[in-house]
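The values are calculated or read from the model by the stated rules, or taken from the named source; none is laboratory data. Bear in mind that the values here come from a model prediction, so they are computed numbers and not experimental data. Glycine gets a Cβ as well: all are built from the backbone with ideal geometry, and neighbour counts include every protein chain shown.
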Amino acid sequence: MRRTLRGLVPAAILVATACSSQSQPPTSVPSSDRPSSSGSPAPSAVASASAPSTPYKGLGVESIPPEILARHAAPALKPEDSRRIQAMLDLRAPSAGVVTSDGKRLFFNWSITGTSQIFRLDAPMGFPTQLTGGEDPTQVLAVTPDGKWLVVARDRNGEENPGLYLLATEGGALKVIQHKPKVQTQLNYLTSDGGSLYYRANDIKPDSYAIYRHDITSGKTEPVFTEPGIWSVADVRKGKLLLRKEVGSRMAEFWELDTGTKKLEPIVGKDEREDYAAVYGDADEVVVLAPKGEYRRLYVYKAGKFEPISPEISFDVASFSIDRTKKRILYTVNEGGYTKLFGLDAKTKKPLKLPKLPAGDHTMFGATSENGRYTAFLVDPGTSPAQSFVFDWNSSSLVAWHKPSTPEIDTKAFAKVVLESYPARDGASIPMFVRRPAGCEKRSAAEGPCPVVVAFHGGPEAQTLAGFSTRAQMFVDAGFVYAEPNVRGSDGYGKTWLHADDGAKRMKVITDIEDASKFIRDKWAVGGKAPKVGIYGGSYGGYSTLIGMSMFAGAYDAGVSVVGISSLLTFLENTAPYRRILRISEYGDPEKDRAALETLSPITYVENVKAPLMLLQGATDPRVPVGEALQFHEALKKKGVPTELMIFPDEGHGFQKRPNQVLAFGHTIRFFKEHLK
């Protein structure tokens, strides 16, 4: 929910498990092959020029032959392993939902069918009516003020090329607004009268987004703004559009377009390459979330000046929303991986009296109704799936409309997450969330320590948060201590921490990956015996896994990489065009920074890999092409390293379909059991 604007759910259907999912090899790496206490040599000193001789080209399922897909299909799990994963996936919480202006209906997403679909409730705690179905995830984005139509998005096979549709709130067939192959069509704004909506699409150029206006009654669409760039509509005011232009990873400018004269003027962020978010506020103000200091804070921008409206604290404001009536600003603060909710009166900027929600690791806002009367809130208690509520600002009543499902599982027995830390070699303290199986802290010398799985998040600008996690509990139930570091480059710890790994600077902090293992082997040993340690992650976490297994070979005893980057060069050359522009600002330019990109690529160190490694990949992935997994797997096979590769032909950047999630999680845990126990 980072920087959620206006309470709208993001239009793109993102991967449900992009950074969360997921063999008869030798035993762990001998201690003589592990790094000494002084650490590994500098990466440039150990690089072993092993880039693939014939780099792959292209992305998507069409880039690989059918026989390759068949060869790397995921095998069936043992029935007992499948049942255990299935039971955990049955723990599902509905989304907070979108409430109608009369407060009589709630529309929400729920994955109870196996993929995320849309449901309707006609009364609190009533029986839900399913409105969409099939195997393609479908997401509710907004409801028109008259309560007659839903605006929804649907993706196919994880391609991240969603289409935009209308759906009658009484049910029926989807009415297409636009859904084109290899085109992202994303809702930006639904007008207050419900007569039209604005969306963006990269249908003119694949690396650029045009803005369109669609008339809901007539069904006609007209282009509004087609200037090249990664543009979107952030907000609408009479005769004006507030446009957001992404100029890099976590870098945005905001411009105002006069829809009559077509005059475009900069508002905030022009040429700054900073992390701005903005919407129109009360009167002629613009409410801006900006890192003017070390931490992100809310400001009012007026007459060319910024005035802070949220307190100056040593934590980031993570997200904010202002309702259509411009009465209330809701915002959340990220306090070291825990989320707290706050509010301001949009006119006076004084603190807002909020509903008395249950305590939890995360307390967040959802969508507010068009008339500003009702707001959905979400609470993650940390010990059970999230619970949502609807608050009536007029009557001050808080009502739970639905509950999560936890069939046959007592979530009270789940391991409680604990915030710990470990020291990096330069003295920095790296925060790390840890969950331990019962009894692991009281093991005898004869028993030895419990094995550990260290999971790295994606992004790289993401952040592991506290809160309830069935994924983490799967590892705990399998007997693993589950540790999730927020290494430098993670969000939530200020501007310096976030940008510590930009471009070539990554070289100085990538050792955080190895230092996690060194700390665990030293400090979590029992009776002088170090635990076996595995490494795991998806997307950038998959890249971290490959780095941990190659550049820092010997630090980890086994690894599972999910949709991970094996070469920053081939990744940037083949990823989707709209992604390439944003990722270059994070990793470096293939032309200008080629040497640094090679030095920071796992494929450069593939000759060092000794421990068993599994790779999981979606064939339709538009972010990390399937070729990234194939080239690393082939290199490991030539070297004789125990390796497994599983490719899912109907998934993209992670796994959304339940059968595939079962296979991905099941094989991940099976692999770690084989090599860490």
### Task
Take the range 173-203 and flag every residue that is over 23 Å from Leu131 (Cβ atoms), basic (Lys, Arg) and over 25 Å from the mean Cα position of the chain (by Cα).
none
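Give the range 334-375 a look and list any residue that's more than 29 Å from Ala283 (Cβ to Cβ) and in a loop (DSSP other than H, G, I, E, B), or say none. Let's see the steps before the verdict.
From the range 334-375, those more than 29 Å from Ala283 (Cβ to Cβ) are 334-339, 356-363; that's our starting set.
Of everything in the range 334-375, those that are more than 29 Å from Ala283 (Cβ to Cβ) and in a loop (DSSP other than H, G, I, E, B) turn out to be Glu335, Gly336, Gly337, Tyr338, Lys356, Leu357, Pro358, Ala359, Gly360, Asp361.
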#### Entry: Yes/no for Ser111 being of a type in the set (S, T, N, Q), at negative phi and either more than 26 Å from the chain's Cα centre (by Cα) or surrounded by 18 or more Cβ atoms within 10 Å (Cβ to Cβ) (or both)
yes
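This table checks each residue for (1) within 30 Å of Val476 (Cα to Cα); (2) among the aromatic types (Phe, Trp, Tyr); (3) in contact with an Asp or Glu (Cβ under 9 Å, 6 or more places away or on another chain).
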{"site": "Asp81", "(1), (2), (3)": "yes, no, no"}
{"site": "Ala93", "(1), (2), (3)": "yes, no, yes"}
{"site": "Gly97", "(1), (2), (3)": "no, no, no"}
{"site": "Asp155", "(1), (2), (3)": "no, no, yes"}
### Message
Can you tell me which of (1) assigned to a helix (DSSP H, G or I); (2) of a type outside the set (Gly, Ala, Ser); (3) under 19 Å from Met88 (Cβ atoms) is the one Phe655 doesn't meet?
### Response
(1)
### Message
Which of the strands (runs of 3 or more DSSP E) found entirely inside the range 273-321 contain at least 3 residues meeting this: among the aliphatic types (A, V, I, L, M)?
### Response
277-280, 286-290
### Task
Kindly indicate whether any position in the range 249-267 is touching a Phe, Trp or Tyr at 6+ places or on another chain (Cβ under 7 Å) and of a type in the set (Val, Ile, Thr).
yes
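Looking at the range 622-652 only, could you name the residues that are outside any helix (DSSP H, G or I) and under 20 Å from Leu59 (Cβ atoms)? Reasoning before the result, please.
Taking the range 622-652 and keeping what is outside any helix (DSSP H, G or I), we get 622-625, 640-652.
Residues satisfying the conditions are Pro622, Arg623, Val624, Pro625, Leu645, Met646, Ile647, Phe648, Pro649, Asp650, Glu651, Gly652.
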### Query
Can you pull out the residues in the range 462-485 that are in contact with a helix residue (DSSP H, G or I) (Cβ under 6 Å, 6 or more places away or on another chain) and under 18 Å from Ile547 (Cα atoms)?
Pro485
### Query
For the range 208-228, which residues satisfy the criterion of being surrounded by 19 or more Cβ atoms within 10 Å (Cβ to Cβ) and assigned to a loop (DSSP other than H, G, I, E, B)?
Ile216
### Task
Please name all residue pairs, on different chains or six or more residues apart, with Cβ atoms under 6 Å, provided the first residue is in the range 540-560 and is among the polar types (S, T, N, Q) and the second residue is in a helix (DSSP H, G or I).
Ser544/Ile513; Ser550/Pro602; Ser550/Tyr605; Ser550/Val606; Ser550/Asn608
### Task
Give the residue, chosen from Ser566, Ser517, Ser544, that is farther than 30 Å from Ser63 by Cβ, buried (at least 22 other Cβ atoms within 10 Å of the Cβ) and either in contact with a strand residue (DSSP E or B) (Cβ under 8 Å, 6 or more places away or on another chain) or not hydrophobic (A, V, I, L, M, F, W, C) (or both).
Ser517
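Residue-by-condition table, conditions (1) at pLDDT below 95; (2) of a type in the set (D, E, K, R); (3) touching a Leu at 6+ places or on another chain (Cβ under 7 Å):
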| position | (1), (2), (3) |
| --- | --- |
| Thr363 | no, no, yes |
| Gly366 | no, no, yes |
| Phe377 | no, no, yes |
| Ser384 | yes, no, no |
| Phe389 | no, no, yes |
| Ser395 | no, no, no |
| Val399 | no, no, no |
| Asp410 | yes, yes, no |
| Val417 | no, no, no |
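Where in the range 495-568 are the helices (runs of 4 or more DSSP H), entirely inside, with at least 2 residues that are within 20 Å of the chain's Cα centre (by Cα) and of a type outside the set (Phe, Trp, Tyr)? Walk me through how you get there before you give the answer.
Numbers: elements: 495-498, 506-509, 512-523, 540-550.
Because the criterion is at least 2 residues that are within 20 Å of the chain's Cα centre (by Cα) and of a type outside the set (Phe, Trp, Tyr), the helices (runs of 4 or more DSSP H) in the range 495-568 that meet it are 495-498, 540-550.
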